[in-house]
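Structure first, commentary second.
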Amino acid sequence: MEIDYNELAKKYDLTRKENVDTINRFLENLSFSEETNILDFGCGTGNFTCALKRITNANVYGVEPADKMRQKAIDKNTDVIFEKGNHEKIPFMDNFFDFIYMTDVIHHIPNINVMFKELNRVLKQGGSLCIVTESHKQIESRFWAKYFPATVKVEKKRYPDIPEIVESATNNGFVFSKIETTDANHKHSISKNFLMLVENKGYSMFHLISNDDHECGLADLRNDYSKQVKIEYSHGETFLWLKKPFKNW
Ligand SMILES: C[S@@+](CC[C@H](N)C(=O)[O-])C[C@H]1O[C@@H](n2cnc3c(N)ncnc32)[C@H](O)[C@@H]1O
């Protein structure tokens, strides 16, 4: 089943926003000026794009295939240029961007080899690419896997694992820089926001499991929410950093 982001656009911003820690990580790793060209690839409703524009005042661009997601982004900030595009066609000239990032996108890409080739084309030599995703191990250790075990199988099927991503990137002109993970021990009760996110199927994986599996997990989740049960987990995200090397003439 295909995820329809034009449909999800209606409710996307009810439960999803930019993650400040992610943006801080970009800022710690790179320096930005008003001359820097940044691309948010698969920018959705522009939450990260607009935040990065506010913080850096660099030239920030977003590329997004789903018209209704992109329109929400355009409505948020007219200083950011949002264009229609996808992994096959990024509507910018060669060697244009200093930095490209993608948050929560790679598992939607049908052919990551094609994507890396296209990203490599629009990135400058010496430019950086950061892919924010989750490894298979991180997917297995999500705290909600206990409520929705069916999500683990569907997620591992659509998320390329980190070695596969690195191999495809390096086959298509990138060099590996480093991997950072944000795994840390957490213990807290279920938030109202998370419950709302699940009720609204705010993560696309909830559209890939049966309604019965969703309803059943939601009933257990509501129960634990009402009792303020403390949940322990350690799963975070993976930041994969790559570079486009300078050419030796
Ligand atoms: C989970 S959303 C993430 C949106 C945004 N990056 C964020 O973190 O809020 C995934 C996004 O990937 C986009 N997407 C799906 N297929 C794509 C493709 N082939 N090329 C680029 N983006 C794609 C979707 O339209 C959607 O907006």
Original post:
Is at least one residue of region 59-79 open to solvent by less than 70 Å² (accessible area, probe 1.4 Å), hydrophobic (A, V, I, L, M, F, W, C) and in contact (Cβ under 8 Å) with a residue 60 or more places away in the chain?
Top reply: yes
Subject >> Test: residue in region 27-36 that is within 13 Å of the ligand (Cβ to nearest atom), part of a helix (DSSP H, G or I), in contact with a helix residue (DSSP H, G or I) (Cβ under 9 Å, 6 or more places away or on another chain) and under 30 Å from Asp183 (Cβ atoms) >> reply: no
Subject >> Enumeration of residues in region 64-76 that are more than 15 Å from Lys10 (Cα to Cα) and either assigned to a helix (DSSP H, G or I) or under 13 Å from the mean Cα position of the chain (by Cα) (or both) >> reply: Glu64
Subject >> Selected residue (criterion: farthest from Thr22 (Cα to Cα)) from residues of region 167-182 that are open to solvent by less than 30 Å² (accessible area, probe 1.4 Å) and in a helix (DSSP H, G or I) >> reply: Ser168
**OP:** Sort out which residues of region 203-246 are touching an Asp or Glu at 6+ places or on another chain (Cβ under 7 Å) and within 17 Å of Ile179 (Cα to Cα), and write them in order of number.
**Re:** His235, Gly236, Glu237, Thr238, Phe239
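The rows are residues; the columns are (1) farther than 29 Å from Tyr5 by Cα; (2) surrounded by 15 or more Cβ atoms within 10 Å (Cβ to Cβ); (3) not small (Gly, Ala, Ser).
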position: Ile165; (1), (2), (3): no, yes, yes
position: Ala184; (1), (2), (3): yes, no, no
position: Val198; (1), (2), (3): no, yes, yes
position: Val229; (1), (2), (3): yes, no, yes
position: Pro245; (1), (2), (3): yes, no, yes
Original post:
Given Thr49, Thr22, which one is within 11 Å of the ligand (Cβ to nearest atom), outside any loop (DSSP other than H, G, I, E, B) and crowded, with 24+ Cβ neighbours inside 10 Å?
Top reply: Thr49
Subject >> Sole residue being surrounded by 16 or more Cβ atoms within 10 Å (Cβ to Cβ), more than 9 Å from the ligand (Cβ to nearest atom) and at pLDDT 95 or above, chosen from Ile109, Ile90, Ile100 >> reply: Ile100
Original post:
Right, Ser141: modelled with pLDDT under 95, hydroxyl-bearing (Ser, Thr, Tyr) and open to solvent by 10 Å² or more (accessible area, probe 1.4 Å) or not?
Top reply: yes
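The values are calculated or read from the model by the stated rules, or taken from the named source; none is laboratory data. Remember, it's a predicted structure, so these values are computed and weren't measured experimentally. Heads up, the Cβs are rebuilt from the backbone with ideal geometry, glycines too, and the neighbour counts pull from every protein chain shown. The area values use the complete protein model at the heavy-atom level, side chains included, leaving out ligands, DNA and RNA. Shrake-Rupley method; radii C 1.70, N 1.55, O 1.52, S 1.80 Å.
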